[in-house]
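A short worksheet on the structure shown next.
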Amino acid sequence: MPVFSLEIRKARCEDLPALNPLAFQAKAYWGYSPDFMKACRSELTYTAAQINQPQYHFFLGEREHNLIGFYGLEQLSAQEMELIALFVSPTSIGQGYGRHLINHAKRHAVFWGTQSILIQSDPNAEAFYLTVGAYRIGQTESESIPDRFLPLLKLDLLKD
């Protein structure tokens, strides 16, 4: 893995104009059709309400003041969170930034007392999540595309 610096900080409402387009561009990276991307628009749009609510935790990664990627966690219970977002700029995919962001998410989830993280993965990202320790527990229907099923994964945080 390349050696690089990535400054990770808590996202703020003023970051949303950069985060939302990055989420859309990162999803489009996988070659989805314009109609598919249009159907996903609301699911790929994060809001000030989410940033400000205590059950959500959004962090972004920057390198030399350039946005590289971000992630969002939602607290589901005292023991479980869901990874609701993890996106890396298309020009930075495959360079280790996603791994850096998910490791940050895992450390922070443990800090908050979480035992596991659920992930509704894009099928194209499933292999990535498997390499960082997640395992498949089933599938779930897409909120945006009827009759499209997504891998449902889990990351256990307390295993040795």
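Looking across region 1-58, just one residue is of a type in the set (Val, Ile, Thr) and closer than 25 Å to Phe149 by Cβ, and that is Thr45. Among the residues of region 84-104, are any free of Cβ contacts under 8 Å to residues at least 60 places away in the same chain and touching an Asp or Glu at 6+ places or on another chain (Cβ under 8 Å)? Looking through region 84-104, at least one residue is free of Cβ contacts under 8 Å to residues at least 60 places away in the same chain and touching an Asp or Glu at 6+ places or on another chain (Cβ under 8 Å). Within region 124-146, none of the residues are farther than 26 Å from Glu62 by Cβ, among the basic types (Lys, Arg) and assigned to a loop (DSSP other than H, G, I, E, B). Quick check: anything in region 64-71 in contact with a strand residue (DSSP E or B) (Cβ under 8 Å, 6 or more places away or on another chain), surrounded by 15 or more Cβ atoms within 10 Å (Cβ to Cβ) and either touching a residue at least 60 places away in the same chain (Cβ under 8 Å) or of a type in the set (Asp, Glu) (or both)? There is at least one residue in region 64-71 that is in contact with a strand residue (DSSP E or B) (Cβ under 8 Å, 6 or more places away or on another chain), surrounded by 15 or more Cβ atoms within 10 Å (Cβ to Cβ) and either touching a residue at least 60 places away in the same chain (Cβ under 8 Å) or of a type in the set (Asp, Glu) (or both). Within region 124-137, restricting attention to residues that are surrounded by 13 or more Cβ atoms within 10 Å (Cβ to Cβ) and under 16 Å from the mean Cα position of the chain (by Cα), the residue that is nearest to Ala39 (Cα to Cα) is Ala125.
On the stretch given as region 138-160, residues that are β-branched (Val, Ile, Thr) and either in contact (Cβ under 8 Å) with a residue 24 or more places away in the chain or loosely packed, with under 13 Cβ neighbours inside 10 Å (or both) total 1.
Yes or no: Asn66 over 19 Å from Glu7 (Cα atoms), polar (S, T, N, Q) and modelled with pLDDT under 95? Taking the combined requirement at face value, the residue does not satisfy it.
Total residues in region 38-55 satisfying the condition of being surrounded by 15 or more Cβ atoms within 10 Å (Cβ to Cβ) and part of a helix (DSSP H, G or I): the figure is 4. Of everything in region 77-89 that's at pLDDT below 95 and of a type outside the set (Ser, Thr, Tyr), which residue is nearest to Pro54 (Cα to Cα)? If we take residues in region 77-89 being at pLDDT below 95 and of a type outside the set (Ser, Thr, Tyr), then Ala78 is nearest to Pro54 (Cα to Cα). Listed conditions (1) in a helix (DSSP H, G or I); (2) over 26 Å from Thr131 (Cα atoms) are all met by Leu19, apart from (2).
All of (1) at pLDDT 95 or above; (2) touching a Gly at 6+ places or on another chain (Cβ under 8 Å) hold for Asn20 with one exception: (2). Note on region 106-140: among residues that are charged (D, E, K, R) and more than 25 Å from Pro90 (Cβ to Cβ), the one that is modelled with the highest pLDDT is Arg136.
Restrict the check to region 92-107 and report whether at least one residue is part of a strand (DSSP E or B) and in contact with a Leu (Cβ under 9 Å, 6 or more places away or on another chain). So far as region 92-107 goes, no, none of its residues is part of a strand (DSSP E or B) and in contact with a Leu (Cβ under 9 Å, 6 or more places away or on another chain).
The values are calculated or read from the model by the stated rules, or taken from the named source; none is laboratory data. Every value quoted in this text rests on a predicted model; they were computed, and no experiment measured them. Don't worry about glycine lacking a Cβ; one is built from the backbone with ideal geometry, like all the others, and counts go over all protein chains shown.
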